[in-house]
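Here the structure is laid out as structure tokens; the discussion comes afterwards.
The values are calculated or read from the model by the stated rules, or taken from the named source; none is laboratory data. In this text, all values refer to a predicted model and were calculated from it rather than measured experimentally. Note that each Cβ is placed from the backbone with ideal geometry, even for glycine, and that neighbours are counted across all protein chains shown. For accessibility, only protein heavy atoms count, side chains too; no ligands or nucleic acids. Shrake-Rupley method; radii C 1.70, N 1.55, O 1.52, S 1.80 Å.
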Amino acid sequence: AAHNNILLNKTATASLQAEIMTCAELCGNNQGLVKMYQPALMAPSPDYAGKPITERETSTSAVINANQSPGMLAAITAADLAAEKVSSKGENDNGPISIVSSYNSSTSSGQLAFYVERMARKGLIGIAFANSPEFVAAAPGGKAVFGTNPLAVGIPARRSDTNDDDDSTTANQPFTFDMATSAIALFGVLSAKAKNEPLPPNVAYAKDGSMTTDATEALEGGGAIATFGGHKGAGLALCVELLAGALSGGAVLGQVESKKVAKSWGHTFIAIRPEDLVDDYDEKVASILETVKASGGGGGENGLVRIPGENSAKIAAERRAVGYMPIPIQIWESIVETSQHGLPGK
């Protein structure tokens, strides 16, 4: 059965990618339009069949074979199907938890928060994992084995001081947490390169294992991106590799020449319907978030702790209010060039 209601043609897919990248750019996330600095990285594979298909389906799980469609199409197809499987009630109720993975795509899925927030706005908890090609070393001086291997969580949230009729963005903004297990996202490195800026300290290795702030050296000079937090970050990156790579059916380290050559990167999405597991979950979430925010020591506005996702929502609201968002000139020129002349060499 086909569960995706997205028009499966290249124009619609390009529009989807533009929407996801623009949403990330709007909130200041480095998974945004910087991806168009090297537009070939976002182009579908020449083997692109354009039709993700569902495999191994059960009432609470499925696997999406992306058929070399773009990673963003693969991810949204899997995320929406996971949400669909726990949204039905009554005779078609399959329980409160579902899991859907995808494999056989080879372009970026972008900001994982986009997908888990989409799930959270349906009243569901969304959890996402994604693996990608080898850019990140497990230890200084080692060869790259991990992707930036992000994970994300989205949780429906409503402030306790709002009423049920309040549909404002602030009142209904889900809690989202989205992080790469690397010390910096790949497109953060690409962004630094595009802007001719140094990398932050201690996020990338040179070929000899020493730290470098040169994006080109990290990407092309035999270096690698570092994991965040030393061995703890490496441990989380490994967990994502096991959950989004091995479990999804994507390319497996040690079984392929490289994940980049294999062109089969994976996602795993988990959807949870909280009201089946606990009463008043939204009130509990609000209580926890407000208590953490008021705990002090965060150095934020009025001494409050900044909750993950708040700054992104604030930036997006400010940019919507003024009606524009800043884009580095090199990236804008690349977008214009691509729109007018297509990909280089095509």
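A few points about this structure:
- Straight-line reach from LYS207: taking Cα to Cα under 19 Å and skipping same-chain neighbours fewer than 8 places apart, the lysines in range are LYS143, LYS193.
- Net charge of the neighbourhood of PHE146, taken over other residues with C-beta under 15 Å away and scored Lys/Arg +1, Asp/Glu -1, is +2.
- Rounded Å value of the spacing that divides the Cα centres of the range 137-152 and the range 211-265: 4
- Just checking the listed ones, THR58, THR11, THR176: in the Gaussian network model of the chain with Cα springs under 10 Å, the one fluctuating most is THR11.
- Net +/- balance of residues flanking LEU16 in space, Cβ distance below 13 Å, scoring K and R +1, D and E -1: 0
- When nucleic acids and ligands are ignored and a 1.4 Å probe is applied, LYS35 ends up with an accessible area of around 0 Å².
- Partner lysines for LYS284 [C-alpha distance under 28 Å; skip if fewer than 8 residues away on the same chain]: LYS85, LYS89, LYS122, LYS293, LYS314
- Positive-end ranking of GLN255, VAL145, ALA237 along the dipole of the range 104-261, with charges on Cβ about the Cα centre, is headed by GLN255.
- Residue-averaged [θ]222 nm for the chain, counting only DSSP H segments that reach four residues, each worth -39500 (n - 2.57): -10000 deg cm²/dmol
- Charges were assigned to the Cβ only: +1 to each Lys and Arg, -1 to each Asp and Glu. The resulting dipole of the range 137-278 about its Cα centre is roughly 680 debye.
- Among residues other than GLY254 with Cβ under 14 Å from its Cβ, the summed charge is -1 (Lys and Arg +1, Asp and Glu -1).
- Given a 1.4 Å probe and the protein chains as shown, LEU343 ends up with an accessible area of around 40 Å².
- Volume in Å³ per residue [convex hull over Cα atoms, computed for the chain]: 158
- Most mobile of LYS293, LYS122, LYS85 in a GNM of the chain (Cα contacts under 10 Å): LYS293
- To the nearest 10, the accessible area of TRP332 is 130 Å² with a 1.4 Å probe.
- With q set to 0.13, 0.17 Å⁻¹, the log10 of I(q)/I(0) for the range 174-313, from the Debye formula over equal scatterers at the Cα positions, is -0.85, -1.15.
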